[in-house]
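Note sheet for the following structure.
The values are calculated or read from the model by the stated rules, or taken from the named source; none is laboratory data. This structure is a prediction, so every number in the text was calculated from the model and none was measured. Here the Cβ positions follow ideal geometry from the backbone for every residue, glycine too, while neighbour counts run over all protein chains shown.
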Amino acid sequence: MRLRRFPVLLVCTALALALLCSCAAPEAENGQSSPLKIQSRMENTFATQFSVDYCEGGFKLISLSDGTRFLVVPEGASVPGGIDGDIVPLYQPVKNIYLAATASMCLFDALDRLDAIRLSGTKAEGWYVENARRAMLDGRILYAGKYSEPDYELLLSEGCPLAIESLMIGHASKVKEKLESLGIPVFTDLSSLEPHPLGRTEWIRLYGAILNEEERADEVFSRQIEYLSSSLGAAPTGKTAAFFYISTSGGAVVRKSGDYVSRMIELAGGKYVFDDIGDPDVRTSTVNLDMESFFMAAKDADYIIYNSSIGGELTSMAQLIEKNELFSRFRAVKQGNVWCTGKNMYQQTTELGMMIDSFHKIFTGEADGLDELPYLYRLR
């Protein structure tokens, strides 16, 4: 797969121009001018699944790619009369949120706004975002049931104004209908649909708009662009890599071509060994392979990266070989070029630029004398 690169100057300029794009006022459903007078639009750098329009009076109109729209209403203000009926109002300050989308917690944490989250769809022991885990242990965030079985009574008793769900809510349509019937709007985090890895990180700017934390959100996002820029300015290394874990049935589970993890490998200057695997029209991000097929494709890879986030943490090369003797014949195993992800990788959407930089250090040889990098560690 050909490595796609973005000019560093273009990336930085796009971020600097955020909020400067002027837009015309939308028309209401009856064809008349909408009461929402748009003054500017957030200029997204990578994200394609949301837009934020800034309107007169401090209102913010959020539009998601699934067709849902939300109006952030300033504290003390009322919803303008005559707005489209499908627009869901979110009254500031937005708090007591039920968060069932695990990839979003780190974004609130990076904004230092965990105080906006009161209810979690994940138990304390399931969080690798330390501040979230501690908040649950302290009782500042309560477990309110997983996305498919929320505690409706608890949500109502806590005055929950919003449920932030992942795409998994699509498999629990009755839950979504029940929440909405109780007056709890459902906001689906679509960040996993972003084609560029940092498009996922850029969702911090959307949550920043909801919480009036735009400046802080831009600071966090800019840091990840800086990490990415260091990789974009370098030439491709020609190094190949496989990213996988071994399932309980003994097969290899790999990321499909074009998935955000394979994109991170490419942006870091590497080449993902599975350059044409998986159906691009199917949302699943992984492909199951028998070990013989995996061996033939990955045995000569310069690096193999084991996904401990799902496959369970390994502490030694011997443990990897115990999973299948074929690993002893892999080039990367023989040369000591096996790395593992930390368990917290999938809950750290805010630092995907840093993860790309870690991959880059591996592929360029900068990490040859190291045993650990942010979100990665070497097997010995």
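What the table below lists for this structure:
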read-out: Residues located in the range 192-220, provided they are over 27 Å from E75 (Cβ atoms), of a type in the set (S, T, Y) and modelled with pLDDT of 95 or more; value: T201
read-out: Qualifying positions in the range 193-206 - surrounded by fewer than 23 Cβ atoms within 10 Å (Cβ to Cβ) and farther than 20 Å from D357 by Cα; value: L193
read-out: Qualifying residues in the range 336-352 (those that are touching a strand residue (DSSP E or B) at 6+ places or on another chain (Cβ under 8 Å) and not polar (S, T, N, Q)) - the one farthest from L373 (Cα to Cα); value: G336
read-out: Residue check, V282 among the β-branched types (V, I, T) and touching a residue at least 12 places away in the same chain (Cβ under 8 Å); value: no
read-out: Flag for K256 being buried (at least 20 other Cβ atoms within 10 Å of the Cβ) and among the basic types (K, R); value: no
read-out: In the range 325-370, the residues that are of a type in the set (S, T, N, Q) and within 28 Å of the chain's Cα centre (by Cα); value: N337, T341, N344, Q347, Q348, T349, T350, S358, T364
read-out: Candidates V261, V333, filtered to the one that is assigned to a helix (DSSP H, G or I), surrounded by 14 or more Cβ atoms within 10 Å (Cβ to Cβ) and out of contact with any strand residue (DSSP E or B) (no Cβ under 7 Å at 6 or more places or on another chain); value: V333
read-out: Where a residue in the range 129-151 is farther than 13 Å from M105 by Cα and its partner, wherever it lies, is among the charged types (D, E, K, R) and part of a strand (DSSP E or B), with Cβ under 9 Å and at least six apart; value: R140/R118; L142/R118; A144/R118; Y147/E165
read-out: Qualifying positions in the range 174-192 - touching a Lys or Arg at 6+ places or on another chain (Cβ under 8 Å) and surrounded by fewer than 21 Cβ atoms within 10 Å (Cβ to Cβ); value: V186, S192
read-out: Scope the range 274-323; condition buried (at least 19 other Cβ atoms within 10 Å of the Cβ), in a loop (DSSP other than H, G, I, E, B) and modelled with pLDDT of 95 or more; matching residues; value: A301, D302
read-out: Matching residues in the range 194-232 - criterion: being under 18 Å from the mean Cα position of the chain (by Cα) and of a type in the set (S, T, Y); value: T201, Y207, S222, Y227
read-out: Some residue of the range 138-156 being touching a His at 6+ places or on another chain (Cβ under 8 Å), at pLDDT 95 or above and farther than 23 Å from L61 by Cα; value: yes
read-out: Checklist (1) touching a residue at least 40 places away in the same chain (Cβ under 8 Å); (2) in a loop (DSSP other than H, G, I, E, B) applied to G369, failing item; value: (1)
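So that you can scan it fast, the table gives a plain yes or no per residue for (1) acidic (D, E); (2) touching a residue at least 60 places away in the same chain (Cβ under 8 Å); (3) over 21 Å from S191 (Cβ atoms):
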| residue | (1), (2), (3) |
| --- | --- |
| K271 | no, yes, yes |
| N288 | no, no, yes |
| E292 | yes, no, yes |
| A297 | no, no, yes |
| S308 | no, yes, yes |
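Here's the yes/no breakdown for (1) out of contact with any Pro (no Cβ under 7 Å at 6 or more places or on another chain); (2) within 18 Å of N44 (Cβ to Cβ); (3) free of Cβ contacts under 8 Å to residues at least 40 places away in the same chain:
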| residue | (1), (2), (3) |
| --- | --- |
| G199 | yes, yes, no |
| A235 | yes, no, yes |
| A241 | yes, no, no |
| G251 | yes, no, no |
